[in-house]
Amino acid sequence: MKVLIAFHHPAPYKVKLFNELAKTIDLDVIFEINKAKNRTDSFYKFNQYNFKVIPVKLHRFPSKKFPRKDENIYGGALARYIRKHHKEYDHIIMNGYSKFSEMKAIRVMNRLHVPYILMINGGIIHKENKIKKAIKTRYISSASMYFSPNVESNKYLTYYGADESKIRLYKYANIKESEIAHKPLEEDVKTQICLKYHLPYGKIFINPGQFIPRKNNEALLKIFKDRKETLLLVGRGPLQKKYESYIKDNNIHNIFIMDYLDEHQIREVMKCATALITLSKEDIFGHTVLEALASGLPVISSDKVISALEMIHNGVNGYIVSLDKEEEIIDAINNVNNLEYDTIINSLDNHTIEQTSKDIIKGLE
(Lines give C-alpha, C1' and ligand atoms only; values in the text may rest on other atoms or scores of the structure.)
Protein backbone atom coordinates (compact mmCIF):
# COMPACT_ATOMS: atom_id res chain seq x y z
CA MET A 1 0.00 0.00 0.00
CA LYS A 2 1.48 3.36 -1.05
CA VAL A 3 0.22 6.47 0.74
CA LEU A 4 0.87 10.22 0.43
CA ILE A 5 0.31 12.50 3.44
CA ALA A 6 0.41 16.31 3.33
CA PHE A 7 1.00 18.16 6.61
CA HIS A 8 1.98 21.72 7.45
CA HIS A 9 5.37 21.26 9.16
CA PRO A 10 7.51 18.41 10.58
CA ALA A 11 6.18 18.54 14.15
CA PRO A 12 7.96 15.81 16.16
CA TYR A 13 4.73 14.06 17.19
CA LYS A 14 3.71 13.81 13.54
CA VAL A 15 7.14 12.61 12.49
CA LYS A 16 6.93 9.85 15.12
CA LEU A 17 3.55 8.80 13.78
CA PHE A 18 4.75 8.82 10.18
CA ASN A 19 7.78 6.73 11.17
CA GLU A 20 5.45 4.22 12.80
CA LEU A 21 3.17 4.12 9.75
CA ALA A 22 6.19 3.60 7.49
CA LYS A 23 6.91 0.31 9.24
CA THR A 24 3.80 -1.10 7.57
CA ILE A 25 3.09 0.99 4.47
CA ASP A 26 5.09 2.68 1.71
CA LEU A 27 4.79 6.28 2.90
CA ASP A 28 5.60 9.59 1.21
CA VAL A 29 5.10 12.87 3.10
CA ILE A 30 4.98 16.48 1.94
CA PHE A 31 5.67 19.17 4.55
CA GLU A 32 4.45 22.59 3.46
CA ILE A 33 7.12 24.44 5.45
CA ASN A 34 10.34 23.38 7.18
CA LYS A 35 9.67 25.21 10.44
CA ALA A 36 6.71 26.90 12.11
CA LYS A 37 7.44 30.50 13.10
CA ASN A 38 6.31 29.98 16.71
CA ARG A 39 8.65 27.02 17.22
CA THR A 40 12.33 27.05 18.15
CA ASP A 41 14.93 25.09 16.22
CA SER A 42 15.27 22.74 19.20
CA PHE A 43 11.63 21.73 18.74
CA TYR A 44 12.72 19.80 15.66
CA LYS A 45 16.19 18.65 16.72
CA PHE A 46 15.30 15.01 17.45
CA ASN A 47 13.46 14.45 14.16
CA GLN A 48 14.54 11.44 12.12
CA TYR A 49 12.71 10.52 8.94
CA ASN A 50 12.19 6.83 8.23
CA PHE A 51 9.84 7.69 5.38
CA LYS A 52 10.31 9.55 2.12
CA VAL A 53 9.96 13.32 2.34
CA ILE A 54 8.88 14.80 -1.00
CA PRO A 55 10.65 18.16 -1.52
CA VAL A 56 8.34 20.80 -2.94
CA LYS A 57 8.92 24.53 -3.07
CA LEU A 58 5.95 26.36 -1.63
CA HIS A 59 5.81 30.13 -1.97
CA ARG A 60 4.26 32.91 0.05
CA PHE A 61 3.36 36.40 -1.13
CA PRO A 62 6.58 38.32 -0.47
CA SER A 63 5.15 41.82 0.00
CA LYS A 64 3.99 43.66 3.11
CA LYS A 65 0.56 43.89 1.48
CA PHE A 66 0.03 40.20 2.27
CA PRO A 67 1.41 39.63 5.79
CA ARG A 68 2.20 36.06 6.77
CA LYS A 69 0.44 36.16 10.13
CA ASP A 70 -0.63 32.53 10.01
CA GLU A 71 2.19 31.18 7.83
CA ASN A 72 -0.28 30.67 5.04
CA ILE A 73 1.15 29.07 1.92
CA TYR A 74 -0.07 30.50 -1.37
CA GLY A 75 1.91 28.49 -3.90
CA GLY A 76 0.55 25.66 -6.01
CA ALA A 77 3.44 23.20 -5.73
CA LEU A 78 1.43 20.78 -3.58
CA ALA A 79 -1.41 20.82 -6.09
CA ARG A 80 1.01 20.40 -9.01
CA TYR A 81 2.66 17.40 -7.37
CA ILE A 82 -0.68 15.71 -6.74
CA ARG A 83 -1.87 16.46 -10.27
CA LYS A 84 1.24 14.81 -11.70
CA HIS A 85 1.70 11.90 -9.30
CA HIS A 86 -1.72 11.01 -7.84
CA LYS A 87 -1.93 7.75 -9.82
CA GLU A 88 1.14 6.47 -7.95
CA TYR A 89 -0.75 6.32 -4.64
CA ASP A 90 -3.42 4.08 -3.21
CA HIS A 91 -4.45 6.80 -0.77
CA ILE A 92 -3.85 10.54 -0.40
CA ILE A 93 -4.32 11.94 3.11
CA MET A 94 -4.70 15.66 3.71
CA ASN A 95 -3.88 16.45 7.34
CA GLY A 96 -5.30 19.94 6.89
CA TYR A 97 -7.60 21.88 4.60
CA SER A 98 -7.40 25.56 5.63
CA LYS A 99 -4.14 26.74 4.04
CA PHE A 100 -4.40 28.12 0.52
CA SER A 101 -2.02 25.46 -0.80
CA GLU A 102 -4.21 22.76 0.75
CA MET A 103 -7.32 24.31 -0.78
CA LYS A 104 -5.67 24.33 -4.20
CA ALA A 105 -4.70 20.68 -3.81
CA ILE A 106 -8.26 19.73 -2.81
CA ARG A 107 -9.72 21.64 -5.77
CA VAL A 108 -7.36 19.80 -8.12
CA MET A 109 -8.36 16.43 -6.67
CA ASN A 110 -12.03 17.29 -6.98
CA ARG A 111 -11.62 18.32 -10.62
CA LEU A 112 -9.69 15.13 -11.41
CA HIS A 113 -12.11 13.00 -9.35
CA VAL A 114 -9.22 11.85 -7.17
CA PRO A 115 -10.49 10.62 -3.78
CA TYR A 116 -8.72 12.01 -0.73
CA ILE A 117 -8.92 11.36 2.99
CA LEU A 118 -9.15 14.25 5.46
CA MET A 119 -7.43 13.61 8.80
CA ILE A 120 -8.01 16.08 11.64
CA ASN A 121 -6.45 16.44 15.09
CA GLY A 122 -9.67 17.92 16.46
CA GLY A 123 -12.25 20.58 15.76
CA ILE A 124 -14.42 23.14 17.52
CA ILE A 125 -17.53 24.70 15.99
CA HIS A 126 -17.51 28.50 16.11
CA LYS A 127 -20.09 31.11 15.35
CA GLU A 128 -19.23 32.45 11.90
CA ASN A 129 -20.81 34.11 8.91
CA LYS A 130 -22.45 32.12 6.13
CA ILE A 131 -19.63 32.72 3.67
CA LYS A 132 -16.94 31.33 5.97
CA LYS A 133 -19.08 28.31 6.79
CA ALA A 134 -19.75 27.70 3.10
CA ILE A 135 -16.02 27.77 2.33
CA LYS A 136 -15.23 25.30 5.10
CA THR A 137 -18.09 23.08 4.01
CA ARG A 138 -16.79 23.03 0.44
CA TYR A 139 -13.38 21.71 1.43
CA ILE A 140 -14.42 19.39 4.25
CA SER A 141 -17.47 17.77 2.66
CA SER A 142 -15.70 16.64 -0.52
CA ALA A 143 -13.41 14.12 1.20
CA SER A 144 -13.99 10.45 0.49
CA MET A 145 -13.23 9.46 4.10
CA TYR A 146 -12.26 11.05 7.42
CA PHE A 147 -10.00 10.22 10.34
CA SER A 148 -11.30 11.84 13.54
CA PRO A 149 -9.80 11.57 17.06
CA ASN A 150 -13.04 11.66 19.07
CA VAL A 151 -16.80 12.10 19.04
CA GLU A 152 -16.57 15.86 19.63
CA SER A 153 -14.51 16.19 16.47
CA ASN A 154 -17.06 14.08 14.58
CA LYS A 155 -19.62 16.79 15.33
CA TYR A 156 -17.28 19.34 13.78
CA LEU A 157 -16.94 17.30 10.60
CA THR A 158 -20.66 16.63 10.18
CA TYR A 159 -21.46 20.31 10.86
CA TYR A 160 -19.42 21.12 7.77
CA GLY A 161 -21.04 18.52 5.58
CA ALA A 162 -19.11 15.32 6.21
CA ASP A 163 -21.00 12.06 5.78
CA GLU A 164 -20.97 10.48 9.24
CA SER A 165 -20.77 6.98 7.73
CA LYS A 166 -17.39 7.89 6.24
CA ILE A 167 -15.81 8.92 9.55
CA ARG A 168 -13.25 6.57 11.11
CA LEU A 169 -12.24 7.12 14.72
CA TYR A 170 -8.59 6.78 15.66
CA LYS A 171 -6.83 7.15 18.98
CA TYR A 172 -4.86 10.31 18.41
CA ALA A 173 -1.63 10.44 20.41
CA ASN A 174 1.68 12.25 20.57
CA ILE A 175 3.53 9.78 22.81
CA LYS A 176 5.03 6.38 22.21
CA GLU A 177 4.58 3.40 24.51
CA SER A 178 8.26 3.64 25.49
CA GLU A 179 7.72 7.22 26.73
CA ILE A 180 5.16 6.24 29.38
CA ALA A 181 6.49 6.43 32.93
CA HIS A 182 5.04 3.24 34.38
CA LYS A 183 6.35 3.99 37.87
CA PRO A 184 6.95 7.26 39.75
CA LEU A 185 10.41 8.72 40.24
CA GLU A 186 12.23 8.23 43.51
CA GLU A 187 12.21 11.33 45.68
CA ASP A 188 15.96 11.86 45.42
CA VAL A 189 15.68 11.82 41.60
CA LYS A 190 12.92 14.42 41.76
CA THR A 191 15.16 16.55 43.95
CA GLN A 192 17.98 16.33 41.41
CA ILE A 193 15.63 17.38 38.59
CA CYS A 194 14.44 20.38 40.61
CA LEU A 195 18.07 21.37 41.22
CA LYS A 196 18.91 20.91 37.54
CA TYR A 197 16.14 23.27 36.44
CA HIS A 198 16.46 25.63 39.43
CA LEU A 199 13.00 24.82 40.76
CA PRO A 200 11.89 24.71 44.40
CA TYR A 201 11.17 21.23 45.68
CA GLY A 202 7.52 20.68 46.60
CA LYS A 203 4.14 20.97 44.94
CA ILE A 204 4.62 22.17 41.35
CA PHE A 205 1.74 22.86 39.00
CA ILE A 206 3.03 22.96 35.44
CA ASN A 207 1.54 24.58 32.35
CA PRO A 208 3.49 24.15 29.08
CA GLY A 209 2.29 26.06 26.04
CA GLN A 210 2.30 29.29 24.10
CA PHE A 211 1.98 32.58 25.92
CA ILE A 212 -1.04 33.80 23.97
CA PRO A 213 -4.51 35.06 25.03
CA ARG A 214 -6.27 31.79 24.16
CA LYS A 215 -4.23 29.92 26.78
CA ASN A 216 -5.65 32.19 29.52
CA ASN A 217 -2.56 32.08 31.74
CA GLU A 218 -3.50 35.40 33.32
CA ALA A 219 -6.20 33.50 35.23
CA LEU A 220 -3.56 31.12 36.59
CA LEU A 221 -1.34 34.02 37.67
CA LYS A 222 -4.18 35.56 39.65
CA ILE A 223 -5.05 32.27 41.36
CA PHE A 224 -1.50 31.26 42.31
CA LYS A 225 -0.18 34.66 43.43
CA ASP A 226 -1.70 34.12 46.90
CA ARG A 227 -0.98 30.38 47.17
CA LYS A 228 2.00 28.44 48.53
CA GLU A 229 2.30 25.96 45.65
CA THR A 230 4.63 26.65 42.73
CA LEU A 231 3.22 27.51 39.30
CA LEU A 232 5.58 26.82 36.41
CA LEU A 233 4.77 28.28 33.00
CA VAL A 234 6.88 26.73 30.24
CA GLY A 235 7.04 28.25 26.79
CA ARG A 236 7.23 31.58 25.04
CA GLY A 237 5.00 34.02 23.24
CA PRO A 238 3.87 37.64 22.92
CA LEU A 239 2.40 37.82 26.45
CA GLN A 240 5.61 36.84 28.25
CA LYS A 241 6.56 40.41 29.22
CA LYS A 242 3.05 40.97 30.54
CA TYR A 243 3.38 37.85 32.74
CA GLU A 244 6.80 38.97 33.98
CA SER A 245 5.52 42.45 34.80
CA TYR A 246 2.60 40.99 36.76
CA ILE A 247 4.95 38.77 38.77
CA LYS A 248 7.29 41.68 39.50
CA ASP A 249 4.57 44.22 40.30
CA ASN A 250 2.89 41.83 42.75
CA ASN A 251 6.17 40.68 44.32
CA ILE A 252 5.33 37.02 43.57
CA HIS A 253 7.91 34.36 44.50
CA ASN A 254 6.08 31.12 43.71
CA ILE A 255 5.48 31.60 39.97
CA PHE A 256 8.28 30.82 37.52
CA ILE A 257 8.57 31.26 33.77
CA MET A 258 10.78 28.81 31.91
CA ASP A 259 11.71 29.04 28.25
CA TYR A 260 10.62 26.38 25.78
CA LEU A 261 11.86 22.87 26.63
CA ASP A 262 12.45 20.14 24.09
CA GLU A 263 10.41 16.94 24.27
CA HIS A 264 12.90 15.13 26.51
CA GLN A 265 13.29 18.04 28.91
CA ILE A 266 9.55 18.63 29.30
CA ARG A 267 8.95 14.97 30.13
CA GLU A 268 11.72 15.15 32.72
CA VAL A 269 10.26 18.22 34.39
CA MET A 270 6.73 16.82 34.25
CA LYS A 271 7.80 13.74 36.18
CA CYS A 272 8.74 15.84 39.19
CA ALA A 273 5.61 18.03 39.08
CA THR A 274 2.41 17.57 41.08
CA ALA A 275 -0.12 18.19 38.32
CA LEU A 276 -0.68 19.80 34.96
CA ILE A 277 -3.07 22.72 35.02
CA THR A 278 -4.59 24.50 32.02
CA LEU A 279 -7.39 27.03 32.00
CA SER A 280 -7.31 27.38 28.22
CA LYS A 281 -10.26 29.09 26.56
CA GLU A 282 -9.95 26.73 23.60
CA ASP A 283 -7.84 23.78 22.46
CA ILE A 284 -8.93 21.68 19.50
CA PHE A 285 -7.03 18.80 21.09
CA GLY A 286 -4.48 19.53 23.82
CA HIS A 287 -1.30 17.48 23.49
CA THR A 288 -0.05 18.32 26.98
CA VAL A 289 -2.92 16.35 28.55
CA LEU A 290 -1.56 13.10 27.09
CA GLU A 291 2.01 14.06 27.96
CA ALA A 292 0.98 14.68 31.55
CA LEU A 293 -0.90 11.40 31.93
CA ALA A 294 2.06 9.54 30.40
CA SER A 295 4.25 11.12 33.10
CA GLY A 296 1.87 10.03 35.86
CA LEU A 297 0.53 13.55 36.38
CA PRO A 298 -3.11 14.26 37.15
CA VAL A 299 -4.65 16.99 35.01
CA ILE A 300 -6.72 20.01 35.97
CA SER A 301 -8.27 21.36 32.80
CA SER A 302 -10.95 23.76 31.69
CA ASP A 303 -13.91 22.29 29.88
CA LYS A 304 -12.64 23.90 26.66
CA VAL A 305 -9.85 21.37 25.99
CA ILE A 306 -11.08 18.52 23.78
CA SER A 307 -8.56 15.87 24.89
CA ALA A 308 -9.35 16.59 28.55
CA LEU A 309 -13.09 16.21 27.94
CA GLU A 310 -12.37 12.83 26.40
CA MET A 311 -9.83 11.50 28.88
CA ILE A 312 -10.12 13.24 32.28
CA HIS A 313 -12.56 11.88 34.86
CA ASN A 314 -13.17 13.91 38.00
CA GLY A 315 -11.53 12.41 41.06
CA VAL A 316 -9.90 9.62 39.02
CA ASN A 317 -7.08 11.16 36.97
CA GLY A 318 -7.81 14.84 37.42
CA TYR A 319 -10.60 17.40 37.28
CA ILE A 320 -12.56 19.25 34.61
CA VAL A 321 -13.37 22.78 35.76
CA SER A 322 -15.47 25.68 34.51
CA LEU A 323 -13.65 28.92 33.79
CA ASP A 324 -16.39 30.96 35.46
CA LYS A 325 -16.35 28.91 38.70
CA GLU A 326 -13.17 29.74 40.59
CA GLU A 327 -14.25 27.64 43.56
CA GLU A 328 -14.12 24.55 41.32
CA ILE A 329 -10.58 25.41 40.28
CA ILE A 330 -9.47 25.97 43.89
CA ASP A 331 -11.04 22.68 45.03
CA ALA A 332 -9.28 20.83 42.21
CA ILE A 333 -5.91 22.34 43.17
CA ASN A 334 -6.47 21.36 46.80
CA ASN A 335 -7.50 17.78 46.04
CA VAL A 336 -5.50 16.74 42.97
CA ASN A 337 -2.56 15.46 45.02
CA ASN A 338 -4.77 12.66 46.42
CA LEU A 339 -5.14 10.83 43.10
CA GLU A 340 -3.41 7.47 42.55
CA TYR A 341 -0.40 7.20 40.20
CA ASP A 342 -1.34 3.82 38.73
CA THR A 343 -4.89 4.98 38.04
CA ILE A 344 -3.56 8.04 36.20
CA ILE A 345 -1.20 5.99 34.01
CA ASN A 346 -3.89 3.41 33.20
CA SER A 347 -6.31 6.14 32.14
CA LEU A 348 -4.23 6.68 29.00
CA ASP A 349 -6.35 3.84 27.61
CA ASN A 350 -3.81 2.90 24.95
CA HIS A 351 -3.54 6.42 23.53
CA THR A 352 -0.13 5.86 21.97
CA ILE A 353 1.42 6.51 18.59
CA GLU A 354 1.58 2.78 18.02
CA GLN A 355 -2.20 2.51 18.42
CA THR A 356 -2.76 5.61 16.30
CA SER A 357 -0.81 3.95 13.50
CA LYS A 358 -2.79 0.71 13.82
CA ASP A 359 -6.10 2.58 13.68
CA ILE A 360 -5.10 4.53 10.57
CA ILE A 361 -3.82 1.46 8.73
CA LYS A 362 -7.00 -0.44 9.61
CA GLY A 363 -9.05 2.43 8.20
CA LEU A 364 -7.04 2.38 4.96
CA GLU A 365 -7.44 -1.34 4.35
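The values are calculated or read from the model by the stated rules, or taken from the named source; none is laboratory data. Keep in mind it's a predicted model, so treat the numbers as computed, not measured. Don't worry about glycine lacking a Cβ; one is built from the backbone with ideal geometry, like all the others, and counts go over all protein chains shown. Each accessible area value is taken on the protein alone, full model and side chains, heavy atoms only, with ligands, DNA and RNA left out. Shrake-Rupley method; radii C 1.70, N 1.55, O 1.52, S 1.80 Å.
Close contacts from the range 208-227, counting a first residue that is more than 15 Å from Ile333 (Cα to Cα) and open to solvent by 40 Å² or more (accessible area, probe 1.4 Å) and a second that is outside any helix (DSSP H, G or I) and of a type in the set (Val, Ile, Thr), with Cβ to Cβ under 9 Å and a gap of 6+ residues or different chains, come to none at all. The residue of the range 155-176 that is surrounded by the fewest Cβ atoms within 10 Å (Cβ to Cβ), among those that are of a type in the set (Phe, Trp, Tyr) and under 22 Å from Gln355 (Cα atoms), is Tyr170.
Annotation: Glu32 fulfils all but one of (1) buried (at least 18 other Cβ atoms within 10 Å of the Cβ); (2) of a type in the set (D, E, K, R); (3) more than 28 Å from Pro208 (Cα to Cα); (4) modelled with pLDDT under 90; the unmet one is (3).
Might you let me know whether the range 272-279 holds any residue that is more than 27 Å from Cys194 (Cβ to Cβ), in a loop (DSSP other than H, G, I, E, B), touching a Lys or Arg at 6+ places or on another chain (Cβ under 8 Å) and modelled with pLDDT under 95? No, the range 272-279 contains no residue that is more than 27 Å from Cys194 (Cβ to Cβ), in a loop (DSSP other than H, G, I, E, B), touching a Lys or Arg at 6+ places or on another chain (Cβ under 8 Å) and modelled with pLDDT under 95. Every condition in (1) more than 19 Å from the chain's Cα centre (by Cα); (2) crowded, with 23+ Cβ neighbours inside 10 Å is met by Leu293 except one, and the failing one is (1). Scoring Asn121 on the criteria (1) open to solvent by less than 10 Å² (accessible area, probe 1.4 Å); (2) in contact with a Pro (Cβ under 8 Å, 6 or more places away or on another chain); (3) assigned to a loop (DSSP other than H, G, I, E, B) leaves a single failure, condition (1).
Checking each residue in the range 191-207 for being open to solvent by 40 Å² or more (accessible area, probe 1.4 Å) and touching a strand residue (DSSP E or B) at 6+ places or on another chain (Cβ under 6 Å) picks out only Pro200.
Every residue, every condition in (1) at pLDDT below 95; (2) out of contact with any helix residue (DSSP H, G or I) (no Cβ under 7 Å at 6 or more places or on another chain); (3) farther than 26 Å from Ser302 by Cα, yes or no:
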| residue | (1), (2), (3) |
| --- | --- |
| Ile175 | yes, no, no |
| Leu221 | no, no, no |
| Gly235 | yes, yes, no |
| Tyr246 | no, no, no |
